[in-house]
Amino acid sequence: MSDAAAKSKKHAPQPPSASNFIRSVVDADLASGKYAARGWGGKPGPAKTHEGAAKDPAKIRTRFPPEPNGYLHIGHAKSICLNFGLARDYGGLCHLRFDDTNPTKEEQEYVDSILDAVSWLGFDWGPHLYYASDYFDTLYEFAELFIQHRLAYVDSLTAEEIREHRGTLTQPGRHSPYRERPVAENLDLFRRMRKGEFKDGEHVLRLKIDMASGNINLRDPVIYRIRRAEHHRTGDKWCIYPMYDYTHCISDALENITHSICTLEFEDHRPLYDWVLARLAEFGALKKPLPQQIEFARLNLTYVVLSKRRLIELVEGGHVDGWDDPRMPTLVGARRRGCTPEALRLIAERIGVSKADSWIDYSILEDCMREHLNEVAERRLAVLDPVKLVIDNYPAGKEEDCHAPNHPQKPELGKRALPLSRELWIEREDFMENPPKGYFRLFPGNEVRLRYGYVVKCIGCEKDARGNVIAVHCEYDPETKSGTPGADKVKVKGNIHWVSAKHACSAEVRLYDRLFKVPQPGSERDFLEDLNPDSKKIIAACVEPALKNAKPEERFQFERHGYFVADLRDSRPGSPVFNRAVTLRDSWGK
C-alpha cells in the first residue's frame, strides 16, 4: 500500500465501534439533520484557522480541551480516544484546543508535553489546533454584550464576601449590593479593569442569573477577574482573564463543535453552558444550532491517584522521580514504563463509555499491555539474579552459537545467535541443594535443558565462607543440542535460561510495580501512607549480547521475567537501562 493510500485509509470514516449512549445521541442528531447546515458559529475569533473550520462540511465536530497546567494522565487517554475516535468513526473532525485562561499556572512546557502525548497516542488534529486565548478579544466583546443587556455587572465584593453571599446547597444566595449598577457604570468599570486601573481582586465581572437557583453554578457566576500575570501566548496584553466556564462554551461555539463531551463532574455546569450560549444566540452573536454538552464517567483506576493535586504532591514531595517516573499514571510516565499507545487505546475500548462512575481494576490495563506487547515484543534472555554455572566437561576456550527465535509466533522475524561458552550465568532460583517436591530445575543429580542449548546434569556447587552458593557445577551431553537430530534423546522436565558469562552485557534493570499497595489510595488515611515501598527496585543484571545496543524505547520480552523497555531517558547503546513494563502474568492478590 502506498503512503498516500495508507494515509487516506487512516483518515477515512470507519464503521462505528460498539454502541454507547453518546453514539446514540450522535446517531439521532445525524438522522435528524441537526447539523447539516454549516457555516454557523457566530463571529470568528482572531485565529485564521477558525474561518477554515467553519466551512468544513464535517458531519460532527468534537474537541479535546486540556488546560496547559500539568501533564496528561491515563484518565485523559480515555477522553482523547473517545473524542478523536468519534470524529474518526463518523467522518468528522476533532479539535485540539488549549483552554489557557489562567496564566499563573500555564506554561509552554505543558503545551509541548500535551501535543506530544496526543500525537504519541496515535491521533492527528491536522490544522485544527486552537487556544482559548485565540478568542480573548471576542470573549471580551461578548462580555460587554452581557453588560449592555443587563445580564452582567461589575462586583466590588471581595472573594470571601462573594463566597458568603453565594449561599449553600440548602440556603439560597444573597444579592450583591452592586448587582443593580447602571449599564454605563458597569461598562466604564469593566473597561477600566481591562486598562489595568485596579488591583488584583478589586473587582470582578459576574453574570446576572439567579441567586436563588438550586444549582450554585447559576448564582451569578464570576466570568472575569483581574490577574496581572504574563500569558504564555499573549504576553502582557491582558490583565483581566475570563473564567473557564464562560470561555469553554463560547470556544466550542466559535469552533462549530457539535458534541462537547466531558466528564461527569461538569454535569452541574451544563445549565450554565447552555444559558451562556442561549443568551448570545438571542443577542445575535451566535447562530443555531448550538453545541451540546454530554457527560460521561471518567476513568477511575485502582492502585493509582489521578487527582492533579495529589500528583503534584507526589512529585514535589520527592515520592517519585518526576512527572515521567514510570510508576506515575501520567502519559509520559506510562510511555517511559513501556506501555504502548495501542494498549491504552485497547483499554479505552474495553471499558467503554458509561454514565455511571465505576472503578476499573489496574489488572485490566496490565492485561491490555501484555496483549499488545506479546504481539510486538521480540524475545531476549536476561538473568536478573545471576549465579555462575560452570560446565566442567565443556572444552576450555571453546565457543559456539545456539540459535533462538526472535518471536515464537513470527518466524518471519528470524533467529539470533546466542554465544555459549564454558561458564554461564543462570538465575539463582534455578538451583537448590535440597529442593521441595515438584522442583524440576537444577539440584545435585538432576538434568535440565539449557534453553536453546544442551541438556546438562548438576554435579554440585561451591559456597563461600558464609555458606552462600557462588557457583554451580554441571556436565553437558554434547549430543543433545537444540535443533540437532539428537536433541530429544534425553527427556527432561526442566528448562532454564542463561547467558554466556564471557559474552554477557551488564545492564541496569529497574523492576517497577504498582505505586500504591491498596486499590483506593487515601480512602482510609493519608494517601501517602498507602505508597508501596517495593514499587521500585534497581538491580544489576546480565543480558544477552543482542541487548547491548538496544535503542531507547525498544521493547522486549525477557523470557520468564516479563516485558521490558529500554529507558527513554537514561538508556544508551552500550550502556542499556531497562524498565519492567509488566510481568508475564498477574501476581497481585495471589
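The numbers here are math on the coordinates, done by the rules we state, and not lab data. What you see is a predicted model; the values in this text were computed from it and never measured. Neighbour counts are summed over all protein chains in view; Cβ atoms, including those assigned to glycine, are modelled from backbone coordinates with ideal geometry.
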Notebook entry, point to check: Under a 5 Å amide H to amide H cut-off, with H placed in plane at 1.01 Å, what residues pair with Glu479 once short-range neighbours are removed?
Noted result: none
Next item on the list: Using Cα centres only, tell me the gap between the stretch 239-261 and the stretch 268-299 in whole Å.
Entry: 9
Checklist line | Relative contact order [Cα under 8 Å, 6+ residues apart], the chain, whole percent | finding: 12
Note to self: Quick check on my link table: of Lys105/Lys237; Lys78/Lys308; Lys34/Lys288; Lys415/Lys493; Lys34/Lys59, which ones sit more than 20 Å apart, alpha carbon to alpha carbon?
What the structure shows: Lys415/Lys493
Check: Gln293's amide H: which non-local residues (gap 5+, or another chain) put their own amide H closer than 5 Å, with H modeled 1.01 Å from N in plane and none for Pro or chain starts?
Finding: Ser260
Next item on the list: Sort out for me the Cα centre separation of the stretch 517-558 from the stretch 88-153, rounded to whole Å.
Entry: 36
Check: Can you list residues whose amide H is under 5 Å from Leu418's amide H, if they're 5+ apart or on another chain and H is modeled 1.01 Å from N?
Finding: Cys402, His403, Ala404
Margin query: Could you derive backbone 3J(HN,Hα) for the stretch 333-342 from the dihedral phi with the Karplus parameters 6.51, -1.76 and 1.60 (θ = phi - 60°), listing whole Hz in sequence and x where the residue is Gly or Pro?
Written below: x, 4, 5, 5, 5, x, 5, 9, x, 4
Note to self: Taking every DSSP beta bridge with both residues inside the chain, roughly what % is antiparallel (nearest 5)?
What the structure shows: 65
Next item on the list: Kindly write out, for the stretch 445-450 in residue order, the coupling ³J(HN,Hα) from the Karplus curve 6.51 cos²θ - 1.76 cosθ + 1.60 (θ = phi - 60°), rounded to whole Hz, with x marking Gly and Pro.
Entry: x, 8, 10, 9, 9, 6
Next item on the list: Order by neighbour count: Arg580, Arg510, Arg569, fewest other Cβ atoms within 10 Å first, most last.
Entry: Arg569, Arg510, Arg580
Next item on the list: May I ask you to work out the translational diffusion coefficient for the stretch 382-496 at 10 °C, viscosity 1.306 mPa s, via Stokes-Einstein with Rh from the Kirkwood sum over Cα pairs, reported in whole µm²/s?
Entry: 106
Next item on the list: Could you calculate the contour length gain from Lys493 to Arg228, that is, 0.36 nm times the residue separation minus the distance between their Cα atoms, to one decimal place in nm?
Entry: 88.0 nm
